[in-house]
Structure formats: structure tokens, C-alpha cells
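Heads up: the structure comes next, in C-alpha cells.
Bear in mind that the values in this text are calculations on the coordinates, not laboratory data. The shown structure was predicted, so the numbers you read here are calculated from the model rather than taken from an experiment. In this analysis, Cβ positions are derived from the backbone assuming ideal geometry, glycine residues included, and neighbour counts consider all displayed protein chains.
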Amino acid sequence: MRNIIVIFSMIFIFGCYPKNETSTPIAKLGMTSGTPEPLRHGKAKNVILMIGDGMGVSQITAGMIKNNNRLNLERFPIVGLHKSYSSDNLITDSAAGATAFSAGVKTYNGAIGVNPRKKPVKTILEECEEKGMATGLVSTSTIVHATPASFIAHQPSRKMYEEIAADFLKTEVDLFIGGGKKYFDRRETDERNLYEELEEKDYYVSDYFKENMSAIKFDPNKNFAYFTADDDPLPVASGRDYLYGATRISTGFLKAHSKGKGYFLMIEGAQIDWGGHANDANYIISEMLDFDKSIGAVLDWAEKDGETLVVVTADHETGGFSINLGTTQDTMVTEFTTDYHTAEMIPVFAYGPGAEKFSGIYENTAIYDKIKKALGL
């Protein structure tokens, strides 16, 4: 009798479980159908860290609902949670959050690559450079904004944009793509033209005024800097369309530049956060789907490559965003509790060699430690 009950229960569960209607949404997002390959254990040669600024569980869920209940994020075999608080506040900002990822230290809100005593801390990007690896940064914000800045600069305040820009000249970062051209070539704090100084350092430097990024013929012997806007890039809903292309360019470019030594790449979907600050659900969703499209491109690359660890997370949640009763795929009923960040734990998704290290619940600083271990640094 008990066996009959168990069999009946299994039939009931599997019969009632909703079927995945994958063909339409997968085609829309460029997703790959089927189950991801088994986890690859051992040392990673490359790491791609993707940060959806302001991306909490509700932001992910809203994007999923609007895309027929599917996202590329579902392809990850490992999911964890990190604790996002900073050294001086239960509510972190992007500077302290990104410095936790980049250098493994809890620091104060507003800190860029420095500890609570305002002393510089070496970042994972700098450590990879010291090992001869290629490095890159891509953002849908200005390239001197808090998240990318925390991987390459060391300043006591995130608002020191021109000082952060000058720190780019102190590294050998192979590639960076983002807005903020004015902080390099029309500076108010000094008369330096960092655009020209980058060219003198043998970078191929360009911007949206000169040429389309996808049409550039890359010189394998030159590093690459591309400015997507004079200040902040547009929202994707207003015509910004470069993240997917920049993602695909960056992976191939850094593999070529690594000369077999591996690479570290950080890609930021910055404006999910801006939608949260604006309490605008449509803004959040459009940016979430743009970011997820690039996640799909990275996963496709990593699945073929076999040597790349991919980690996707956020620095914090923004807006206290909730999806409420009455929501359908066509109509979102949402609420916000704040126009700032919240203290909720943040999901972490991982795929590739070393991905198994990212399951569980841990401090945001552990992401740095886990990446280092995966690379064998």
C-alpha cells in the first residue's frame, strides 16, 4: 500500500510541474537550450566576473516574468548568497561593495580600492597583471564610476572622478570600455589629456564620435580603450546598445592578448541600479534583460572554452523592489520601499572550473578569495 502511495505521489508531482516552453524566449535572448555541461573541477585559466549593479532577487524575477519566465541566469549550475554590508553600514554602496569583490576587504561606503584607514589595497585585477595575465573592464556607466573604479583605482572617495581616471594610467589594463570620456580629455583639476597619454602608452583609443566599436580592426600589439559616452551612457531604452557587442569583443580580445597566460574581465550592468534609484520598474526590467543577454554570450563562450570561470552577482539591491499581487506577464504590479539600497543578501551564480566554491552563504569579501583560489593565485 505504501509503495502505491509513493508512486501516486511521484506521478502527481511530475504531472503538475509546469513545463518549460523554451523555444520563443530562448530565441529572443540567444539562449542555449538544454542542461549545462557538468561542472569542471580544477584550476580556472580565466575569470569573467559580471556585476549587475543593484540586482536583487526581485530585479531578476521581474526580468524573468517579462521574458516568458526564462533567463540565461537559469543556466548556472551553482547558486549562492553573499552578505553585502560594508565596514561602516549595514547598507553598502557600490564603492565598498565592489572593493570587497576586488580586494577582499570590508571598507567604508565611498571607498575606492582602499581599506577603512584609507590605505590602498591590491586588487584582483592588479594581481592578475603581476602574473602576466590580460585584464579588462566593461561598464554601462562611466568607466570611472564606483564599480569599475574599485578594480583599478585607489582613492578615498568615489566622487574623485578625475583622480580615478588618472589611476588608469598607472596600470597595464589591456581593455576598458565605458562612458566618462570628459574625465580623461577635459579635466578641471589639471591640464593633462589622458586620452593622448593613453595613445602615447600605445593604446588604441577611440570613442563613439570617431568610429563604431564593432568596425574597429584590432591591433594585436596594442591595448584598447573605447569611450561610449562623454559622461553617463544612455539607458538601453533610450538607444544604448553596446553591452552585448562589447562583451563579445572583450572575451576574444583578452584571450588573444593573454598569450596563453589567462585573463580577468569584469563586466558591469550598471543601470539596473539606476532604475531602482528612480523607482522605475520598466527601467529595471529593460536593463536586466540587456545584462542577461550579455550573460548568455559569456556562458556560450565559457562552455566552448572550458577554462573560464564565470561569476555573476550584484553589489547590493536597490529600491526595495517588490512584485505584488495582480502581476501578470503583461502587467507588473510593483512597489518600492526606498530610492536607495537595501541590506538584503545577494545571489551569486557560478559556472566553470572552481564554480563549486561559490555555493552556500558567505561574506561579499569571500568572492575575491574564491576567485583567487580558482585561479591558483
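Checking every one of the chymotrypsin sites (Phe, Trp or Tyr not before Pro) in the range 198-290 against DSSP loop status and a limit of 11 other Cβ atoms within 10 Å picks out PHE209.
Would you order MET50, MET266, MET160 from fewest to most other beta-carbon atoms within 10 Å of each residue's own beta-carbon?
On the way: MET50 24, MET266 28, MET160 18.
Lowest count first: MET160, MET50, MET266.
Extension gain, LYS131 to ASN221: 0.36 nm times the residue separation minus the Cα-Cα distance gives 30.5 nm. Full extension of the chain between ASP190 and LYS259 gives 21.2 nm of extra length, using 0.36 nm per residue less the Cα-Cα distance.
Straight-line cross-link partners of LYS217 among the aspartates and glutamates, defined as a Cα under 18 Å from its Cα and at least 8 positions apart when in the same chain: ASP174, GLU199, ASP202, ASP207. Approximating the spin labels as points 7 Å out from Cα along Cα→Cβ, the LYS304-to-SER359 distance works out to 3.0 nm.
Ordering GLU129, GLU172 by the number of other Cβ atoms within 10 Å of each residue's own Cβ, fewest first, gives GLU172, GLU129. Compute the separation of the alpha-carbon centres of the range 64-95 and the range 121-149 and state it in Å as a whole number. Their Cα centres are 20 Å away from one another.
The shape of the range 314-357 comes out oblate: with a ≥ b ≥ c from the C-alpha gyration tensor, a/c is at least 1.5 while a/b does not beat b/c.
Over 26 Å between Cα atoms, which of LYS83/LYS357; LYS255/LYS373; LYS131/LYS159; LYS122/LYS357 qualify? Present the calculation step by step, with values, prior to reporting the outcome.
On the way: LYS83/LYS357 16 Å; LYS255/LYS373 20 Å; LYS131/LYS159 30 Å; LYS122/LYS357 22 Å.
Over 26 Å apart, Cα to Cα: LYS131/LYS159.
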